[in-house]
Amino acid sequence: VLKGENMSVNFATSALGKLKITILDKKGEKIEGYESGILFGNSTHRAVSFEKPLSNLVGKEISVKFELCDCDLYSFAFS
């Protein structure tokens, strides 16, 4: 159950690597407006942006899909 209105990630990609994040409903299906853009680089606290605000999903059951290509994902947090 989502309790935060913001998402951040700690990750590192190679020069050609990438990270993409999708918020899914409790059935495992994509929720429209909750797919991040392609993230790349190296950050310990990178804010993740979605088309729609995460505050719309507070209190709902969600899961998170991470698509990584030559990327290390160390942690993620909702606040």
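The values are calculated or read from the model by the stated rules, or taken from the named source; none is laboratory data. Keep in mind the model is a prediction, meaning the values are calculated, not measured. Don't worry about glycine lacking a Cβ; one is built from the backbone with ideal geometry, like all the others, and counts go over all protein chains shown. Just so you know, the surface numbers come from the protein's heavy atoms only, side chains and all, with ligands and any DNA or RNA stripped out. Shrake-Rupley method; radii C 1.70, N 1.55, O 1.52, S 1.80 Å.
Summary table below
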| read-out | value |
| --- | --- |
| Lys, Arg +1 and Asp, Glu -1 on Cβ, resulting dipole of the chain about Cα centre, debye, nearest 20 | 120 debye |
| Å² of accessible area per residue within the chain, as computed with a 1.4 Å probe and no ligands counted | 64 Å² |
| Accessible area, probe 1.4 Å, largest first, for residues Ser55, Ser79 | Ser79, Ser55 |
| Local electrostatic count, Ala77, Cβ distance below 14 Å [Lys/Arg +1, Asp/Glu -1] | +1 |
| Count, lysine Cα pairs under 21 Å in the chain, 8 or more residues apart or across chains | 22 |
| For Val64, solvent-accessible area (1.4 Å; no DNA, RNA or ligand), Å² | 40 Å² |
| Amide hydrogen neighbours beyond the local backbone of Asn6, cut-off 5 Å, H modeled | Ser79 |
| Shape box of the chain [Cα atoms, principal axes, largest first, Å] | 36, 23, 19 |
| Positive-end residue of Thr13, Ser43, Asn56, charge dipole of the chain with Cβ unit charges | Asn56 |
